[in-house]
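**Q** Mind having a look at this structure? Questions to follow.
Every read-out reported here was derived from the displayed coordinates using simple, explicitly stated rules and does not represent laboratory data. None of the values given here were measured: they were computed from a predicted structure. Note that each Cβ is placed from the backbone with ideal geometry, even for glycine, and that neighbours are counted across all protein chains shown.
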């Protein structure tokens, strides 16, 4: 079974703090993704990576950065957390290759910025 | 602009009846479609998918129908069970972006009542 783990299930941070969200997958997948989920807005893509040290902006990258130093690990960084970044953050991974579309999600991190 | 639309934010169905969840898309390049199910405080889990070369795919109680000319797909759950109560996300991908980002709808919250 594919396993995607996220470092924290719940996190509370103060405005202005630097926040690191970690994601690890154990299936040697090439692609990794960060989404945020908000009520009424569905899943919105923040950043994704298709290889080590590679990153691509998604639909809402502002206020975020990412790091992928190892294939299995993809980190999301909030440089200076703000209250509008309170959300559920979801990490996903998928294999590369034609016809391979399914993404496998972690359990999510519920981040609250006060 | 939202390329995948789920126009019904919620749906309530009696146990044993059919649940029909609808999804529309605007991008004619999409050629692969997926449904994900999400329980509160958990990550989405893959449910069923369909390629654009098919118009129907069935897996147990779940069937997805695709109408390419109408750019419409639907998920049928028969018979519905209380454990099916969750948020369902429709997602789409273009084969040229295989393994890359999925475009998600905003989700439909399904409640199956006993």
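**Q** Take the residues of the stretch B:39-50 that are within 8 Å of chain A (Cβ to nearest Cβ) and part of a strand (DSSP E or B): which is nearest to residue A:9 (Cα to Cα)?
**A** First pass over the stretch B:39-50, keeping only residues within 8 Å of chain A (Cβ to nearest Cβ): B:41-46, B:49.
So of that shortlist, the ones also part of a strand (DSSP E or B) come out as B:45-46, B:49.
On the way: B:45: 17, B:46: 20, B:49: 28 Å.
For the stretch B:39-50, the residue satisfying everything is B:45.
**Q** Across the stretch B:1-35, what is the number of residues that are farther than 15 Å from residue B:57 by Cβ, in contact (Cβ under 8 Å) with a residue 40 or more places away in the chain and in contact with a strand residue (DSSP E or B) (Cβ under 8 Å, 6 or more places away or on another chain)?
**A** Kept after step one, since they are farther than 15 Å from residue B:57 by Cβ, are these residues of the stretch B:1-35: B:1-20, B:22, B:24-30.
Now narrow it down to the ones that are in contact (Cβ under 8 Å) with a residue 40 or more places away in the chain: B:2-6, B:8-20, B:22, B:24-30.
The next check asks that each one be in contact with a strand residue (DSSP E or B) (Cβ under 8 Å, 6 or more places away or on another chain); those that pass are B:3-6, B:8-15, B:18-20, B:22, B:24-27, B:30.
Counting residues in the stretch B:1-35 that are farther than 15 Å from residue B:57 by Cβ, in contact (Cβ under 8 Å) with a residue 40 or more places away in the chain and in contact with a strand residue (DSSP E or B) (Cβ under 8 Å, 6 or more places away or on another chain) gives 21.
**Q** Moving on to the next point. Going residue by residue through the stretch A:65-87, is there one that turns out to be surrounded by fewer than 18 Cβ atoms within 10 Å (Cβ to Cβ), under 21 Å from residue B:3 (Cα atoms) and touching a residue at least 12 places away in the same chain (Cβ under 8 Å)?
**A** Scanning the stretch A:65-87, I find no residue that is surrounded by fewer than 18 Cβ atoms within 10 Å (Cβ to Cβ), under 21 Å from residue B:3 (Cα atoms) and touching a residue at least 12 places away in the same chain (Cβ under 8 Å), so the answer is no.
**Q** A further question follows. Considering (1) in a strand (DSSP E or B); (2) in contact (Cβ under 8 Å) with a residue 60 or more places away in the chain; (3) surrounded by fewer than 16 Cβ atoms within 10 Å (Cβ to Cβ), say which one residue A:17 fails and leave the rest.
**A** Among (1) in a strand (DSSP E or B); (2) in contact (Cβ under 8 Å) with a residue 60 or more places away in the chain; (3) surrounded by fewer than 16 Cβ atoms within 10 Å (Cβ to Cβ), residue A:17 violates only (1).
For every residue, the table says whether it meets (1) in a strand (DSSP E or B); (2) within 14 Å of another protein chain (Cβ to nearest Cβ); (3) surrounded by fewer than 22 Cβ atoms within 10 Å (Cβ to Cβ).
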| site | (1), (2), (3) |
| --- | --- |
| B:53 | no, yes, yes |
| B:79 | no, no, yes |
| B:83 | no, no, yes |
| B:92 | yes, yes, no |
| B:111 | yes, no, yes |
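**Q** Quick one: in the stretch B:33-46, which of the residues that are under 14 Å from the mean Cα position of the chain (by Cα) and surrounded by fewer than 18 Cβ atoms within 10 Å (Cβ to Cβ) is nearest to residue B:85 (Cα to Cα)?
**A** Going residue by residue through the stretch B:33-46, those that are under 14 Å from the mean Cα position of the chain (by Cα) are B:33-38, B:44-46.
Within this subset, residues satisfying the condition of being surrounded by fewer than 18 Cβ atoms within 10 Å (Cβ to Cβ) are B:45-46.
Working: B:45: 14, B:46: 15 Å.
Filtering first and then ranking leaves B:45.
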